[in-house]
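What follows is a set of notes on a single structure, which appears directly below.
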Amino acid sequence: MDRLACVDVPALPLQLLLRAHPDWRGHPVAVVAEEKPLAFIEWVNERAYRLNILSGMRYAAGLSISGDLRAGTVSESEINQAVSQVTDSLREFTPNIEPSSDEPGVFWLDASGLSGLFPSLQTWGEQIRAKLAREKLRASVAIGFSRFSTYALAKSRRTVALFEDPDAERAAAARVALSRLRFNTQTRDALRKLGIETVGQFLDLPAGGLLQRFGPEAKRLHDLASGSAWNPLQPRAAVEPLTGRMELGYPETDVVRLVFCFKRLLHPLLERLAEREQALWELALTLHFEDVSPKVERLRPAEPTLEVTQLLNLVHLRLEAMQLPGGVVELALETTGALASREQLRLYASRPRRDLAAATRALARIRAEFGEGVVVRPVLKEGHLPEASFSWEPLQSLTRVDVAAPHAPVLVRRILEKPMPLPLRDRREPEGWLLHDWRMGPVTKLDGPYEVSGGWWGGGVQRAYHFAETQRGDQLWLYYDVRRRRWFLHGVVE
Amino acid sequence: MPVLSLNAARVAAAVRAPSAAPGWGLGALSGRLVELCALGPSARLSLLVGLLWEAQERGEPVAWVGPCTGACYPPDLAAAGLSLESLVTIRLQEPRAIARAAEHLARSGAFALIALDLPPGTNIPAPMLSRLSGLAQKHDTALVFLSEKSPGDPSLSSLISLRLQSGKHRVSEGRFACSFEAIKDKRRGPGWSHEAVHHGPAGLR
């Protein structure tokens with residue numbers, strides 16, 4: 001028979017708040033919806049409860065009862081992140097874990113087939129509690145056979161409850177007080193008035209009529225508790241962290257350029273995180289150096305995020321503070337995600353302003369109208385001659401758009417497809433050399449020569465490149481072809 | 001100012017292309033027909049590359065439409081920081097086809113900036129410019145026409161929203177002040193200017 005366990009981390013938001021503020025232990029503490037006096041109290045600890053500060057009260061009302069009340073908020077993303085962390089921690093004990101979708105802090109675990117790994121299920125349960133205690137979370141574990149019974153028993157116990165017999169499990173669950181379960185307050189009060197205070201008494205109620213008298217929640221719980229609603233374990237799959245790496249062709253020490261390299265790695269990883277409905281919780285940077293062992297730095301934003309700018313600022317600050325021991329030759333990134341809130345995913349999804357699929361369709365229309373070879377992109381090559389240092393390659397579609405490096409303010413040349421022959425330079429009047437446009441005036445300055453040769457398999461090309469400045473101020477890029485004994489204009493600096 | 005704040009400012013400056021003038025920059029040019037003119041020493045390409053970089057940095061596609069007789073030298077584009085992989089380039093035999101190809105791109109709404117490199121003497125029919133103007137506004141695209149003319153020559157059309165005259169002069173060895181002056185601006189009024197120092201390619205002293 002399959003074994004099932006339920007782990008309950010009670011009042012998870014309250015435990016998270018106390019974990020963040022350990023100095024608040026010993027005081028009345030409340031989790032509030034917002035940090036405002038009129039905000040509602042959502043969770044209270046034992047001390048606050050004894051002072052009659054209850055959930056549902058206004059924060060100001062709680063403060064009026066006890067001025068010592070400590071309160072704070074816990075966001076949905078923090079809760080999601082904690083659920084992900086606990087799920088990852090529990091994977092040490094079983095591969096199949098189903099976090100509750102309704103009640104953060106409740107987890108169902110597959111407890112079957114573990115006899116070879118753990119001495120006993122009791123030990124297994126105790127190790128789970130110890131693991132979570134090391135993460136500063138208090139938990140209870142109930143090991144049995146059914147989803148509802150283990151849930152009810154985990155809610156009512158503080159340690160590990162193990163049941164070897166389904167009947168014993170059912171009998172123990174029947175004795176659990178309804179006040180321990182997550183029940184609508186109105187429904188619970190209505191049941192209490194009828195003298196129904198335990199799970200067993202609740203299960204004794206006839207199923208028909210529950211829906212009309214107490215609503216769909218009570219009906220659903222009754223179905224679960226009685227076993228008439230079959231609900232198998234739906235484990236959350238383990239997710240591998242997303243990684244990226246980049247080899248640099250040279251040792252890089254400039255922090256700004258390194259940040260840009262990380263940016264190129266980070267973009268696709270964030271897209272994949274968003275596809276998983278996650279935001280980035282932790283970023284691990286690995287820097288490989290030439291002569292020094294690699295360094296790993298871990299960064300965590302204030303809360304899980306998909307904001308690139310925020311993450312790159314953190315990367316930049318860490319790299320600045322690190323004092324690189326040498327040139328970086330390889331970078332690697334590893335991201336760990338946590339469940340993202342709907343708002344984060346909505347904002348991330350709304351960011352792309354341009355439809356790349358529409359761009360691809362436009363390119364297809366241009367090819368159809370003007371020919372296949374007109375839509376291209378430049379690709380750098382290794383040739384020595386300027387025209388061999390790049391080529392135009394067909395571009396079928398547009399995928400991601402990103403910059404290659406920080407912007408550098410450099411002058412850009414316009415290169416002519418066919419170099420233009422120039423008039424000969426009169427040796428007797430070297431300063432009166434007029435090029436192709438008389439309006440430019442004569443050449444006043446000639447920088448060079450810069451010898452370039454290539455194409456030896458085709459007879460060989462030998463050129464002496466120069467930059468010519470004219471009287472008007474134009475900068476022209478020209479060369480003297482040694483074999484043809486002729487000057488050519490190859491481009492203009494614009 | 002704390003050191004980290006200074007460095008953060010340096011990163012921010014390095015991340016963004018120099019666009020000091022309020023009338024210049026991708027945001028200021030979006031949705032408009034812009035004519036970037038020059039006759040003589042020009043910095044049209046170099047200044048436009050800054051805009052292309054800015055668009056790519058935002059993750060927005062850009063396109064260059066021009067004749068196949070000449071083009072920006074790709075190694076210089078790479079040196080300026082542009083991603084060549086995502087630089088859509090349309091190379092056409094007929095100068096008259098440049099505007100038509102640009103219309104296809106503008107109609108898709110997928111491009112933040114489309115540069116039309118017009119050979120000297122190229123005219124664009126008024127109906128075509130009218131459609132391009134409408135598409136630029138509709139899709140928030142900057143359509144930048146590169147033309148060769150002096151400040152006294154008429155604009156391509158009255159639909160041109162911003163006309164800039166570009167110039168360049170040497171400031172020191174290998175460094176040039178690249179500038180333009182707004183000789184027509186329907187939004188801010190003419191007369192403003194922008195200047196930035198650029199480094200020449202290797203070998204240009």
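For the protein assembly as shown, what is the per residue volume of the convex hull drawn over the alpha-carbon atoms, in cubic angstrom?
Values: hull volume 172.2 nm³, N = 699.
Value for the protein assembly as shown: 246 Å³ per residue.
Show which aspartates and glutamates lie in cross-link reach of B:Lys168 when reach means a straight Cα distance below 13 angstrom and same-chain residues fewer than eight apart are skipped.
Cα-Cα hits under 13 Å: A:Glu469, A:Asp474, A:Glu494, B:Glu181, B:Glu195.
When you look at the Cβ of every residue in B:47-57, what mean number of other chain Cβ atoms sits within 10 Å?
Taking the mean over all residues of the peptide, I get 4.
Can you tell me which of A:19-27, A:326-334 comes out highest on packing, and rank the rest after it, using the mean Cβ neighbours within 10 Å? Can you show the working numbers first?
Values: A:19-27: 11.8, A:326-334: 18.1.
Result, highest mean first: A:326-334, A:19-27.
Relative to the Cα centre, what is the charge dipole magnitude of the stretch A:14-65, using +1 at the beta carbon of each Lys and Arg, -1 at the beta carbon of each Asp and Glu, and rounding to the nearest 20 debye? Each step should come with its number before you reach the end.
On the way: 6 positive and 5 negative charges, 26 e Å.
For the stretch A:14-65, the charge dipole is close to 120 debye.
Measuring from the lowest to the highest alpha carbon on each principal axis, how far does the stretch A:1-158 reach, largest first, in angstroms?
For the stretch A:1-158, the Cα extents along the three principal axes come out at 56, 27, 25 Å.
Provide a list, ordered by number, of residues in the stretch B:106-130 showing at least 40 Å² less accessible area with every protein chain present than when their chain is taken on its own, using a 1.4 Å probe.
Going by heavy-atom accessible area, the residues of the stretch B:106-130 that drop by at least 40 Å² are B:Ser108, B:Ala110.
Based on alpha-carbon centroids, what's the gap between the stretch B:107-156 and the stretch A:397-412 in Å, whole number please?
Result: 22 Å between the Cα centres.
Per DSSP H run of at least 4 residues, take -39500 (n - 2.57); add these up for chain A, divide by its residues and hand me the 222 nm value, nearest 500 deg cm²/dmol.
On the way: 15 runs with 158 residues, N = 494.
The helix-only estimate for chain A comes to -9500 deg cm²/dmol at 222 nm.
Which three extents, in whole angstrom, do the alpha-carbon atoms of the stretch A:184-310 cover along their principal axes, largest first?
Over the stretch A:184-310, Cα extents along the principal axes are 78, 26, 24 Å.
Determine the share of the protein assembly as shown's accessible area contributed by carbon and sulfur atoms, expressed in whole percent, with a 1.4 angstrom probe.
The value for the protein assembly as shown is 51 percent carbon and sulfur by accessible area.
Any idea which of A:Leu476, A:Asn96, A:Gly67 is furthest toward the positive side of the dipole for chain A, if Lys and Arg beta-carbons carry +1 and Asp and Glu beta-carbons -1?
So the residue furthest toward the plus end is A:Gly67.
What's the extension gain from A:His27 to A:Ala168 if we count 0.36 nm per residue and subtract their Cα-Cα distance? Intermediate values should be presented prior to the final figure.
Details: separation 141, 0.36 × 141 = 50.76 nm, distance 3.93 nm.
So the extension gain works out to 46.8 nm.
I'd like to check one number: the per residue accessible area of chain B, probe 1.4 Å, reported in Å² as a whole number. Spell out each step's value before the answer.
Details: 7410 Å² over 205 residues.
Accessible area per residue, chain B: 36 Å².
Shielding by partners for A:375-387, please: the mean number of other protein chain Cβ atoms within 10 Å of each residue's Cβ. Can you show the working numbers first?
Details: counts 6, 7, 9, 13, 3, 5, 2, 0, 0, 0, 0, 3, 1.
Mean number of neighbouring Cβ atoms from other chains: 4.
Going toward the positive end of the dipole of chain A, with +1 on Lys and Arg Cβ and -1 on Asp and Glu Cβ, which of A:Thr159, A:Val412, A:Ala321 do you reach last?
A:Val412
Order the peptides A:231-237, A:407-413 from the highest to the lowest mean number of other Cβ atoms within 10 Å of their residues. Numbers along the way, then the final one.
Details: A:231-237: 12.1, A:407-413: 22.7.
The most tightly packed comes first, giving A:407-413, A:231-237.
Counting only C-alpha contacts under 8 Å and six or more residues apart, can you give the relative contact order of chain A as a whole percent? Don't jump to the answer; show the numbers that get you there.
Values: 835 pairs, mean separation 47.7, N = 494.
Reported relative contact order: 10 percent.
Go through A:Gly208, A:Gly144, A:Gln127 and say which Cα lies farthest out towards the positive end of the charge dipole of the stretch A:124-246; charges sit on Cβ, +1 for Lys and Arg, -1 for Asp and Glu.
After comparing all options, I get A:Gln127.
Ignoring ligands, DNA and RNA, how much accessible area is buried between chains B and A, both sides summed, with a 1.4 Å probe, to the nearest 100 Å²? The partial results should precede the final answer.
On the way: alone 10440 and 28650 Å², together 32860 Å².
Rounded to the nearest hundred, the buried surface is 6200 Å².
With +1 on each Lys and Arg Cβ and -1 on each Asp and Glu Cβ, and nothing else charged, work out how big the dipole of the protein assembly as shown is about its Cα centre, in Debye to the nearest 20.
Numbers: 85 positive and 78 negative charges, 268 e Å.
Value, rounded to 20: 1280 debye.
Counting only the heavy atoms of the protein chains, how much of A:Arg257 is accessible to a 1.4 Å probe, in Å² to the nearest 10?
Around 110 Å² of this residue is reachable by solvent.
Determine how large the accessible area of A:Met57 is when every protein chain is in place; take a 1.4 Å probe and give Å² rounded to the nearest 10.
Around 50 Å² of this residue is reachable by solvent.
For the stretch A:206-308, what is the accessible area per residue in Å², given a 1.4 Å probe and the full set of protein chains? Walk me through the numbers on the way to the answer.
Working: 5720 Å² over 103 residues.
On a per-residue basis, 56 Å².
With each label point set 7 Å from Cα along the Cα-Cβ vector, what nm distance links A:Ser391 and A:Gln462?
Placing both labels 7 Å along Cα→Cβ, they lie 2.8 nm apart.
Compute, for A:Glu320, the solvent-accessible surface of its heavy atoms (probe 1.4 Å) with the complete set of protein chains present, and express it in square angstrom to the nearest 10.
50 Å²
Only Lys, Arg, Asp and Glu count, each charged at its Cβ (+1, +1, -1, -1), so figure out the dipole size of the stretch A:252-300 about its Cα centre, rounded to 20 debye. Intermediate results must be reported in sequence, preceding the final value.
On the way: 8 positive and 9 negative charges, 32 e Å.
The dipole of the stretch A:252-300 has a size of about 160 debye.
Within 10 Å of each Cβ of B:172-182, how many other protein chain Cβ atoms are there on average? It would help to have the intermediate numbers written out before the result.
Numbers: counts 0, 1, 2, 2, 5, 0, 3, 0, 0, 0, 0.
Whole-number average of other-chain Cβ neighbours for B:172-182 is 1.
Would you mind checking which residues have amide H under 5 Å from A:Trp43's amide H? H placed 1.01 Å from N; only 5 or more apart, or other chain.
Here A:Val31 satisfy the definition.
In whole percent, what relative contact order does chain B give with Cα contacts below 8 Å and a gap of six or more residues?
This gives 26 percent for chain B.
Over the stretch A:47-168, what is the mean sequence separation of C-alpha contacts under 8 Å (at least six apart), divided by residue count, expressed as relative contact order in percent?
Working: 110 pairs, mean separation 17.3, N = 122.
The value is 14 percent.
Only helical DSSP H runs with n ≥ 4 go in: add -39500 (n - 2.57) per run for chain B, normalise by residue count and round the 222 nm mean residue ellipticity to 500 deg cm²/dmol.
-9000 deg cm²/dmol
Give me the percent of DSSP beta bridges within the protein assembly as shown that run antiparallel, rounded to the nearest 5. Show your work: numbers first, answer last.
Numbers: 98 of 130 bridges.
Roughly 75 percent of the DSSP beta bridges within the protein assembly as shown come out antiparallel.
The values are calculated or read from the model by the stated rules, or taken from the named source; none is laboratory data. It should be emphasised that the depicted structure is a prediction, and the values quoted were computed from it without experimental measurement. As a convention, Cβ positions derive from the backbone with ideal geometry for all residues, glycine included, and neighbour counts pool all protein chains shown. For the accessible areas, the whole protein counts, side chains as well, though only heavy atoms, and no ligand, DNA or RNA atoms are used. Shrake-Rupley method; radii C 1.70, N 1.55, O 1.52, S 1.80 Å.
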